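Structure record follows, encoded as structure tokens.
The values are calculated or read from the model by the stated rules, or taken from the named source; none is laboratory data. Values in this document were obtained by computation on a predicted structure and should not be read as measured data. Cβ: placed from backbone, ideal geometry, glycine included. Neighbour counts: every protein chain shown. Surface accessibility is based on the protein's heavy atoms, side chains included, excluding ligands, DNA and RNA. Shrake-Rupley method; radii C 1.70, N 1.55, O 1.52, S 1.80 Å.
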Amino acid sequence: MAVKVRGEGTGNKCYSYACHESVLIMEPMSDTARLGPFALFSIFFKLGCTSFGGPVAHIAIFRTIFVERKAWLSDRDYADLVALSQFLPGPASSQVGMGLGLMRGGVAGMAAAWFGFTLPSAILMAAFALGMNELGLLEGASWVAGVKAAVVAVVAQALFGMARSLTPDAPRATLALGGLAVALLAPVAWAQILAIALAGLIGLAVPTIAGPRDDTASALKIDVPRWLSVTCLVTFFLLLFGLPVLSATAPEGALGLFDAFYRAGALVFGGGHVVLPLLQGELVEPGLVSRDAFLAGYGGAQVVPGPMFSIASHLGAIADIGPGGIPGAVLATIAIFLPGALLIVGGLPFWAGLTGNPRARGAVTAVSAAVVGLLAAALYDPVFIEGIQDAPALVLAAAALIAMTKWKAPVWIVIPAAGLIGALVL
């Protein structure tokens with residue numbers, strides 16, 4: 001709750017008294033002063049400890065804190081920042097946080113905001129991975145069977161929601177079918193990349209697939225030097241195409257790990273769940289991470305607060321590539337978030353032009369439709385195939401889906417409950 005008051009000694013300035021986490025905060029409603037990295041880290045670290053519910057919930061929480069309570073920006077500017085994060089590949093909610101940090105503290109502020117929001121979940125996911133390895137918690141563990149059954153429900157719910165918004169008509173549904181076919185019929189690591197590239201080309205050729213344009217001009221204004229934006233865009237593409245070449249000399253080393261996670265972060269359109277098929281192709285298919293460990297980590301990423309991309313901390317710690325352990329977790333986490341950061345800085349000065357370009361909109365719309373098919377393929381293999389081994393597992397998955405969709409149970413309760421039930425009955 002926020003109350004606006006005007007008081008003596010404040011220069012008649014409007015202040016907001018906001019109660020957040022049992023602390024009364026007084027702050028100017030329209031203060032545009034820059035904040036230091038430590039201040040931004042502190043703000044986003046608290047959010048990283050308390051933001052459950054996935055990217056959609058994170059975006060709503062950010063709006064409550066930064067638009068309504070802190071008044072850092074208007075609803076219009078915030079909507080434009082969210083639109084930019086969804087237009088570009090990468091983790092949408094983390095990119096919104098990066099943009100807010102960039103707005104208030106420059107590049108250092110952006111890094112501080114990302115670090116604060118990501119650190120809690122990254123620590124929890126790395127600890128989870130190392131604990132499983134040290135204690136042998138995956139070896140025939142029945143709790144993993146329960147988690148894998150619940151993951152079927154989580155991915156199915158995400159797929160249905162994405163399909164409603166991203167494939168509302170026949171052309172886009174057909175693109176989703178194409179993504180599904182490529183991913184399942186060409187089960188190789190680069191199949192997902194091929195599906196994304198083909199969809200983008202179709203969207204460029206048939207821009208009307210994006211539907212009518214919203215003629216409202218972009219209002220977002222963040223001062224980013226043009227040279228810095230160009231440098232970030234060039235760096236993004238150099239790493240995307242150069243890392244596979246460099247890592248080929250030592251594919252099992254740290255560079256190979258960085259390359260795998262960088263490419264996954266660079267090609268994720270449509271939300272955090274879509275990272276599942278990309279990481280599966282990079283790590284599970286080549287045998288670098290077991291399917292059980294992969295799905296257990298995905299389930300864990302649903303439970304912890306903060307960004308879903310923190311699954312990289314889990315996978316980097318246990319993958320049979322790179323340094324492993326804590327160094328592997330750190331390297332994988334930086335690699336998967338780096339593309340999104342480069343694109344936020346690189347895309348801001350060009351945002352208005354991108355939204356007005358029908359071919360760019362067509363390409364992004366087509367890619368977003370195709371990734372629905374990629375997620376559908378991942379729901380089948382490995383999620384359903386590995387998660388539904390018998391009738392009790394199917395019943396547990398159905399119960400988890402009903403709990404989330406009808407009873408509105410949060411996923412961070414459903415996943416642990418399924419693991420407990422699995423330990424008892426599966």
Quiz item: Do you know which residues across segment 241-296 are surrounded by 19 or more Cβ atoms within 10 Å (Cβ to Cβ) and assigned to a loop (DSSP other than H, G, I, E, B)?
Solution: 267, 268, 269, 270, 271, 288, 289
Quiz item: residue 306 versus (1) at pLDDT below 95; (2) open to solvent by less than 10 Å² (accessible area, probe 1.4 Å); (3) within 26 Å of residue 380 (Cβ to Cβ); (4) not aromatic (Phe, Trp, Tyr): which is the lone unmet condition?
Solution: (3)
Quiz prompt | Selected residue (criterion: farthest from residue 396 (Cα to Cα)) from residues of segment 133-161 that are modelled with pLDDT of 85 or more and open to solvent by 40 Å² or more (accessible area, probe 1.4 Å) | solution = 160
Quiz item: Tell me, which residue of segment 60-71 that is open to solvent by less than 30 Å² (accessible area, probe 1.4 Å) and of a type in the set (A, V, I, L, M) is farthest from the chain's Cα centre (by Cα)?
Solution: 71
Exercise. Could you tell me whether residue 299 is farther than 23 Å from residue 83 by Cα, open to solvent by less than 20 Å² (accessible area, probe 1.4 Å) and part of a helix (DSSP H, G or I)?
Key: yes
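Specify which of the listed residues (360, 399) is at negative phi, open to solvent by 40 Å² or more (accessible area, probe 1.4 Å), of a type in the set (A, V, I, L, M, F, W, C) and assigned to a helix (DSSP H, G or I).
Numbers: 360 fails: open to solvent by 40 Å² or more (accessible area, probe 1.4 Å).
Result: 399 is the single residue among 360, 399 that is at negative phi, open to solvent by 40 Å² or more (accessible area, probe 1.4 Å), of a type in the set (A, V, I, L, M, F, W, C) and assigned to a helix (DSSP H, G or I).
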Quiz item: Under the condition of being open to solvent by less than 10 Å² (accessible area, probe 1.4 Å) and free of Cβ contacts under 8 Å to residues at least 40 places away in the same chain, which residue from segment 79-122 is nearest to residue 365 (Cα to Cα)?
Solution: 96
Quiz item: Which one is farthest from residue 225 (Cα to Cα), of the residues in segment 322-351 that are open to solvent by less than 50 Å² (accessible area, probe 1.4 Å) and part of a loop (DSSP other than H, G, I, E, B)?
Solution: 324
Quiz item: Could you list, in sequence order, the residues of segment 167-209 that are open to solvent by 60 Å² or more (accessible area, probe 1.4 Å), hydrophobic (A, V, I, L, M, F, W, C) and part of a helix (DSSP H, G or I)?
Solution: 170, 177, 184, 185, 194, 198, 201, 202, 204, 205
Quiz item: Can you find a residue in segment 42-58 that is open to solvent by less than 50 Å² (accessible area, probe 1.4 Å) and over 24 Å from residue 299 (Cα atoms)?
Solution: yes
Quiz item: Under 8 Å by Cβ, and 6 or more places apart or on different chains, what pairs join a residue from segment 240-262 that is farther than 15 Å from residue 288 by Cα with one that is among the small types (Gly, Ala, Ser) and open to solvent by less than 70 Å² (accessible area, probe 1.4 Å)?
Solution: 240/266; 247/253; 247/256; 262/335
Quiz prompt | Cβ-Cβ under 6 Å pairs, at least 6 apart or on other chains, segment 343-365 side without any contact (Cβ under 8 Å) to a residue 40 or more places away in the chain, far side surrounded by 15 or more Cβ atoms within 10 Å (Cβ to Cβ) | solution = 360/354
Practice problem: With the checklist (1) closer than 25 Å to residue 103 by Cβ; (2) open to solvent by less than 70 Å² (accessible area, probe 1.4 Å); (3) modelled with pLDDT under 90 in hand, flag the one item residue 235 doesn't pass. | Solution: (3)
Quiz item: Out of segment 30-75, which residues are out of contact with any Pro (no Cβ under 9 Å at 6 or more places or on another chain), hydroxyl-bearing (Ser, Thr, Tyr) and in a helix (DSSP H, G or I)?
Solution: 42, 64
Exercise. Go through segment 405-426 and give me each residue that's surrounded by fewer than 19 Cβ atoms within 10 Å (Cβ to Cβ) and in a helix (DSSP H, G or I).
Key: 405, 412, 413, 416, 417, 420, 423, 424, 425
Practice problem: Could you list all residues from segment 226-264 that are of a type in the set (Val, Ile, Thr) and under 30 Å from residue 349 (Cβ atoms)? | Solution: 230, 231, 234, 235, 245
Quiz item: Since residue 27 meets every condition but one in (1) under 30 Å from residue 89 (Cβ atoms); (2) modelled with pLDDT under 85; (3) open to solvent by less than 40 Å² (accessible area, probe 1.4 Å), which condition does it not meet?
Solution: (1)
